[in-house]
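A.B. asks: This is the structure I have questions about; it appears just below.
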Amino acid sequence: MADEKLSTIRHSASHVMAAAVLQMFPDAKIAIGPSIENGFYYDFDLPRPLKMDDFPEIEERMKDIINKKEDFIRKEVSRAEALELFKDQPYKTELINDLPEDEVISIYTVDKFTDLCRGPHVENTKMINPQAIKLLSIAGAYWRGDEKRPMLQRIYATAFTNPKDLRLYLQHLEELAKRDHRKIGKELDLFHIDDENPGQIFWHPNGWTIYRVLVDYVRSKIQADGYVEVRTPFCMPQGLWERSGHWAKYKQNMFITESEKRLFALKPMNCPGHVEIFKQGIKSYRDLPLRMAEFGSCTRNEPSGTLHGCMRVRGFVQDDAHIFCTEEQIPSEVAKFCHLLKDMYKDFGFTDDKIIVKFSTRPELRVGDDATWDRAEGALADACKKAGLTYEISPGEGAFYGPKLEFTLVDALGRQWQCGTIQVDYQLPSAERLNAEYIGEDNAKHHPVMLHRAVLGSLERFIGILLENFAGALPVWLAPHQAVVIPVAPAFNEYAEKVASTLKAANIRAEVDASEQRMNAKIRNAQGQKIPYMFIIGDKEAAEGKASIRLRTGQQMNGLALDEAVKFVLDKIASKAEI
């Protein structure tokens, strides 16, 4: 009920904001203004671009309207009346014309502003706290989300019931801004994105180090869990995508090219290629389950307006795998995957209390009969029980070909990121699609069940999640530079190089800061680069063959024997410690 109340306040505040903007721009064309999860927005077609400098005036006009203690007056009107009322507002008339014939059309008036709206709204503006409203940002938004339609100006804002809650939310936004992976990526020299090549990541040496460590880690885990690794072509012909169903269902998101009068597509996913590998040679039931993994480079033609740093890209790599198994093997294979996933998430600091599992059941639009869906959903439920998972049901959210489990991580700021998934697919290996077969114990041909699964998902996105979760201070084992050796004076450079060589020989990523800066400046630089350990080398350390370690948290460990210092770092790496 409290959430409904706050949502109603925010929706009402969006109308007040629209009224204020129309006072400033009487010829403005207005579109829509809903409440959203953390606030509200309104879309405008204005005679000039808005600036953040306009916000104080808009907020003052909003406060004036609120302080008048005006009622929100609802009125039902006919379609003809609505069209006449909004005849100078083309976005509103389009919405009216698109309403079903039997739809009740209502308008709300507050102060001198009237808007087309279903409501609800607060009874009076006095129920909106003028000290708990804040305009936040401006963004472009295509009308009705269609990039072929006009680009409108969207004002994002928020409202709360009291100033304290607003203050806490603004502090939260400040923390989000500090943790923005794009900002951290620039500060730590990890990657960049070229404006002329949107959605593609240019990994710098530091960022590529994180990427390689991540790939090596996943590879070691899946090899130990019985996976074979493969590589499939980046570009595959139209015929394969037609048989898989992607050409009909997913073509708009595929990059398509032509060669020798034939059409090809850059792969948006790896699954058809894995089925093609499975089909080579005769497979027996004794070969199942076959767990086939690939760090496959995929490309999807995402709209430019949806791209966001590493989180939403056009080119990415997944820790992708497909398990070919019999129907009887589904419960054990799903349970095995769940154990692997939880074990891996723990190494990144995401313990059971930070993992939300959602069980997505059959959607309304689906393929296959109900008996098959009953078996698939029953097998998934049985697997969850074997794996000791508790889950939420997401009714109707399954893939069109089968049910799925989704694994959502909760980060340090309480945000949720859907990462892992396992999906049960009877369709792609079927005779109607790619026709994968194996010889069963009865010597007859059967189609395997295909389990689509990923733990981290897109590696690009997962790195972005890690950067924001740890505010750039990655756990020791993931940090691009795990140690920096800092001589306090040039006289100790030679011993510092020896210390760095010893660390490197132990496979610790280390370097020497032999710059002419003072020691305190070097320490500040290392802390700014989020380097976990600073080996401080002075007269005593050089004379006694020792090292003093300063942690990026400011803690100090003085006078350690060099082999003891190396062991300390290695133990932290092995235990996947944060510091």
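The values are calculated or read from the model by the stated rules, or taken from the named source; none is laboratory data. Keep in mind it's a predicted model, so treat the numbers as computed, not measured. Because the Cβ atoms are built from the backbone with ideal geometry, glycine has one as well, and the counts that use them run over all protein chains shown.
A.B. asks: Could you please find all residues in the range 40-61 being touching a Leu at 6+ places or on another chain (Cβ under 7 Å) and of a type outside the set (Asp, Glu)? Walk me through it before giving the result.
C.D. replies: Of the residues in the range 40-61, the ones touching a Leu at 6+ places or on another chain (Cβ under 7 Å) are 43-45, 55, 58-59.
Across the range 40-61, the qualifying residues are Phe44, Phe55, Ile58.
A.B. asks: Then there's this: Got a sec? Which of Ala436, Ala412, Ala431 is more than 30 Å from Glu468 (Cβ to Cβ), touching a residue at least 40 places away in the same chain (Cβ under 8 Å) and in a loop (DSSP other than H, G, I, E, B)?
C.D. replies: Values: Ala412 fails: more than 30 Å from Glu468 (Cβ to Cβ); Ala431 fails: touching a residue at least 40 places away in the same chain (Cβ under 8 Å).
Being more than 30 Å from Glu468 (Cβ to Cβ), touching a residue at least 40 places away in the same chain (Cβ under 8 Å) and in a loop (DSSP other than H, G, I, E, B) holds for just one of Ala436, Ala412, Ala431, which is Ala436.
A.B. asks: Look through Gly199, Gly185, Gly207 and report the one residue that is over 30 Å from Pro47 (Cα atoms), in contact with a strand residue (DSSP E or B) (Cβ under 9 Å, 6 or more places away or on another chain) and outside any helix (DSSP H, G or I).
C.D. replies: On the way: Gly185 fails: outside any helix (DSSP H, G or I); Gly207 fails: outside any helix (DSSP H, G or I).
After ruling out the rest, the residue left standing is Gly199.
A.B. asks: Given (1) crowded, with 18+ Cβ neighbours inside 10 Å; (2) over 17 Å from Thr408 (Cα atoms); (3) within 25 Å of the chain's Cα centre (by Cα); (4) of a type outside the set (Asp, Glu), identify the lone condition not met by Ala379.
C.D. replies: Failed condition: (3).
A.B. asks: Thr232: over 30 Å from Arg375 (Cα atoms) and either of a type outside the set (Gly, Ala, Ser) or not assigned by TED's automatic domain parsing to the domain that holds Arg366 (or both), yes or no? Break it down stepwise before answering.
C.D. replies: Values: over 30 Å from Arg375 (Cα atoms): yes; either of a type outside the set (Gly, Ala, Ser) or not assigned by TED's automatic domain parsing to the domain that holds Arg366 (or both): yes.
Spelling it out, Thr232 is indeed over 30 Å from Arg375 (Cα atoms) and either of a type outside the set (Gly, Ala, Ser) or not assigned by TED's automatic domain parsing to the domain that holds Arg366 (or both).
A.B. asks: Looking at Lys346, Lys358, which is the one that is surrounded by fewer than 17 Cβ atoms within 10 Å (Cβ to Cβ) and not in a helix (DSSP H, G or I)?
C.D. replies: Numbers: Lys346 fails: not in a helix (DSSP H, G or I).
Only one candidate qualifies: Lys358.
A.B. asks: Does Gln223 satisfy the criteria of being without any contact (Cβ under 8 Å) to a residue 60 or more places away in the chain, in the same structural domain as Tyr426 (by TED's automatic domain parsing), surrounded by fewer than 17 Cβ atoms within 10 Å (Cβ to Cβ) and outside any strand (DSSP E or B)? Before the answer, list the steps.
C.D. replies: Working: without any contact (Cβ under 8 Å) to a residue 60 or more places away in the chain: yes; in the same structural domain as Tyr426 (by TED's automatic domain parsing): yes; surrounded by fewer than 17 Cβ atoms within 10 Å (Cβ to Cβ): yes; outside any strand (DSSP E or B): yes.
Yes.
A.B. asks: Same structure, new question: May I ask you to verify whether Glu57 is modelled with pLDDT under 95 and under 30 Å from His172 (Cα atoms)?
C.D. replies: Details: modelled with pLDDT under 95: no; under 30 Å from His172 (Cα atoms): yes.
Answer is no for this residue.
A.B. asks: Looking at (1) at pLDDT below 95; (2) more than 36 Å from the chain's Cα centre (by Cα); (3) within 14 Å of His11 (Cα to Cα); (4) not acidic (Asp, Glu), find the lone condition where Thr125 falls short.
C.D. replies: The one condition Thr125 does not meet is (1).
A.B. asks: Among the residues that make up the range 311-330, is at least one of them touching a Pro at 6+ places or on another chain (Cβ under 8 Å) and within 30 Å of Leu152 (Cα to Cα)? Step through it out loud before you land on a result.
C.D. replies: Our first condition is that a residue be touching a Pro at 6+ places or on another chain (Cβ under 8 Å); within the range 311-330, this holds for 314, 323-326, 329.
Subsequent filtering for residues that are within 30 Å of Leu152 (Cα to Cα) retains 314.
So far as the range 311-330 goes, yes, one or more of its residues are touching a Pro at 6+ places or on another chain (Cβ under 8 Å) and within 30 Å of Leu152 (Cα to Cα).
A.B. asks: Sticking with this one: Considering only residues that are outside any helix (DSSP H, G or I) and not charged (D, E, K, R), which ones fall in the range 67-101?
C.D. replies: Going through the range 67-101, the residues outside any helix (DSSP H, G or I) turn out to be 68-78, 86-89, 99-101.
Passing the criteria: Phe72, Ile73, Val77, Ser78, Phe86, Gln89, Leu99, Pro100.
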